[in-house]
Amino acid sequence: MGTLNHLSLGWLTPALSYLMACAGAALGLRCTLRGLVASGPVRRNWLITAAAAIGSGIWTMHFVAMFGFTVDGTELRYNVPLTVLSLVVAVLVTGLGLTVVCYGKHRGLSLLSGGVTTGLGVAAMHYLGMAAVRMHGALHYDAGTVALSVMVAVGAATAALWAAVTIRNVYAAAAAALAMGLAVSCMHYTGMAAVHVRLDPTRSTLGGASPMEFVFPLAVGLGSFLFLASAFVALSPTDQERAGYREAGRLPVEEPPGGAAHPVAERRESTPAGAGRHDRAA
């Protein structure tokens, strides 16, 4: 049996992976909220963005945490197609869960169906990512702990979707993102607790890519996308704010010193003083 170490880099990888999960959750919840108040293609586009954010956030959290995972007696490499497939699964299944919730007719049933779908997708992403690991040995899992990790994933996904369709306050949404990041991290480390390794030193040269060759650049790229997109969405006005800006633009303004009068003000000044009273009298 190989000796596993989940914190070979100390608490750096758990902290960074939690930050990635929170960033993805915050962006995804914000985009889902925008989608709920929209319709047609606009709603679809917001939900696609939300699925990309939550799915890539979960995937990045997993592989950042994996940088701290080592096995004594063997190096670790990753199968590239399986690693990419795990990212695609995370995004697609999250999108399916969001679609079920946002377009479903019955809120409770939609939340349950979407939570189960998304949770199973999160678990599938995790174990696909683990299947991509290449080492001089084989991975084995404790069935009971695997089942517990799947239940944690389903519970976390259901809670996140409930928060996405229920919470309107900015501070409550931030708290929900922090809670979702914690739940996803708990799911990851619960799944990792199920892992056992049986070494086989006689195996030939390992295939696949090293973490620094493939996973690290992709994780950095997705992490940058999450933070930049979060800042953009957080600073962009909502539909209600845009409506307020348009309404404010139709209001009369005072003439600036030495400047020309506002067109609305000019029209009002050009109206005869008694015209309004004559019209009402008529």
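Here are a few things to note about the model shown:
- Spacing of the two label points (7 Å from each Cα toward its C-beta) at Cys186 and Ala174, in nm: 2.2 nm
- 3J(HN,Hα) from dihedral phi, region 184-199, Karplus parametrisation 6.51/-1.76/1.60, rounded to Hz, x for glycine, proline: 5, 4, 4, 4, 4, 6, 5, x, 5, 5, 7, 7, 10, 10, 10, 6
- Placing a label point 7 Å from the Cα of His140 along the Cα-to-Cβ direction, the residues of region 173-199 whose backbone N falls under 14 Å from that point are 194-199.
- Put simply, the amide H of His136, placed in the peptide plane, has neighbours under 5 Å in Glu75, leaving out anything fewer than 5 places away on its chain.
- Amide N of region 68-86 lying under 12 Å from the label point, which is placed 7 angstrom from the Cα of Ser210 along Cα→Cβ: 75-78
- Region 1-76 shape via C-alpha gyration tensor axes, a/c threshold 1.5: prolate
- In order along region 128-138, the Karplus-derived 3J(HN,Hα) couplings, from 6.51 cos²θ - 1.76 cosθ + 1.60 at θ = phi - 60°, round to 5, x, 5, 5, 6, 6, 10, 8, 7, x, 9 Hz, and Gly and Pro are given as x.
- Formal net charge of residues neighbouring His140 (Cβ-Cβ distance under 13 Å; K, R +1; D, E -1): -1
- Around Ala50: net Lys/Arg minus Asp/Glu count, Cβ-Cβ under 14 Å: +4
Every number in this text was worked out from the coordinates using simple rules, so none of it is lab data. Since the model is a prediction, treat every value here as computed from it, not as a measurement. For neighbour counting, all protein chains shown are included, and Cβ atoms are generated from backbone atoms with ideal geometry for every residue, glycine included.
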